[in-house]
Structures are given as C-alpha cells and as structure tokens.
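To keep things clear, I will list the structure first and then write my remarks on it.
The values are calculated or read from the model by the stated rules, or taken from the named source; none is laboratory data. Remember, it's a predicted structure, so these values are computed and weren't measured experimentally. Cβ atoms come from the backbone with ideal geometry, glycine included; neighbour counts cover every protein chain shown.
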Amino acid sequence: MSFAITITHSGQHFECADGENVLEGMLCRGREGISVGCRGGGCGVCKVRVLEGEYRTKTMSAACVNAEERAAGYALACKLFPESNLLLEVVGRIGRSLARKTPSSSFHFYTSVEMSNGVNNLED
Ligand code: FES
C-alpha cells in the first residue's frame, strides 16, 4: 500500500509507501520540495504542516515542533508517516523562503544537494 503526498506550493506529488516517512518517500522517488537535514527529527528544516489526511509521527524535537504546533498539524517530514493521502504545506526553510519571494516568478526550489551543501543565507 502507498499514499499520495502532495505539496501545496509546488503541486509536486509523490508516492509514499506504508511505513515509510514522507521525507524518505520524497528522496527515494527523486523528488524535491522539502528541505533535508539531519533526517532524525532534530534540526527542523523538514518542517511541514499537514493540511489534509491522516498520519502518525515518531519522536520529534520539541524545540522544532511544540505541543501546540503538533495539535495544529505541524510535523517534521522525517518523522511523519502517512496513513492516508496527504496534502502538505512546507514551512521549514524552503517554505519560509517561498513566503518571502514575490512575485512568484522569482521562485526557486533549492535541491536537497544545495541544502546539504549549506545554503544558509535564506534570510536575506
Ligand atoms: S531532516 Fe532534520 S528534523 Fe527532519
């Protein structure tokens, strides 16, 4: 069984197998859109908000996603396991970058390679 994962900003979608976390599903299918960091629930760069769908999470850093945010659907994609098709909003580093860029023609998705090579000047 697999589930369809759709990212709102880009409309990108990919399949995620049952038991596979969303970040792993994205990477295994050669897709991008969610920043990749520690892959262990500790850095927060893969933060998303689930807008639609059922899911479960594993242990996430409370510094990255507090209890109030969890209740509102925020999660770390590396610890997010779909139990149905999901509609996600990226709110990690890429999501913040997208929110600041207007008009939308200046849009750029950072690749996982760029992110892992230290694209750390997104606040400018
Ligand atoms: S990649 Fe670091 S918390 Fe998900």
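Numbers for the structure displayed
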item	result
Some residue of region 27-40 being surrounded by 22 or more Cβ atoms within 10 Å (Cβ to Cβ) and either at positive phi or away from the ligand (no atom under 13 Å from the Cβ) (or both)	yes
Residue count, region 42-56 (criterion: closer than 16 Å to residue 26 by Cβ, within 11 Å of the ligand (Cβ to nearest atom) and either among the polar types (S, T, N, Q) or touching a strand residue (DSSP E or B) at 6+ places or on another chain (Cβ under 8 Å) (or both))	3
Which listed residue, of 56, 39, 70, 31, is charged (D, E, K, R), without any contact (Cβ under 8 Å) to a residue 60 or more places away in the chain and in a strand (DSSP E or B)	56
Tabulated pairs, region 73-85, first touching a residue at least 60 places away in the same chain (Cβ under 8 Å), second among the aromatic types (Phe, Trp, Tyr) and surrounded by fewer than 24 Cβ atoms within 10 Å (Cβ to Cβ), C-beta under 7 angstrom, 6+ apart or interchain	81/55; 82/3; 82/55; 83/55; 84/3; 85/3
Every residue from region 14-28 that is more than 12 Å from the chain's Cα centre (by Cα) and outside any loop (DSSP other than H, G, I, E, B)	14, 15, 16, 17, 28
Total residues in region 50-78, condition of a type in the set (D, E, K, R) and in contact with a helix residue (DSSP H, G or I) (Cβ under 6 Å, 6 or more places away or on another chain)	1
Test: residue in region 17-28 that is in contact with a strand residue (DSSP E or B) (Cβ under 6 Å, 6 or more places away or on another chain) and at pLDDT below 95	no
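Residues are listed down the side, and each one gets a yes or a no for (1) at pLDDT below 95; (2) in contact with a helix residue (DSSP H, G or I) (Cβ under 6 Å, 6 or more places away or on another chain):
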| residue | (1), (2) |
| --- | --- |
| 9 | yes, yes |
| 42 | yes, no |
| 48 | no, yes |
| 80 | no, yes |
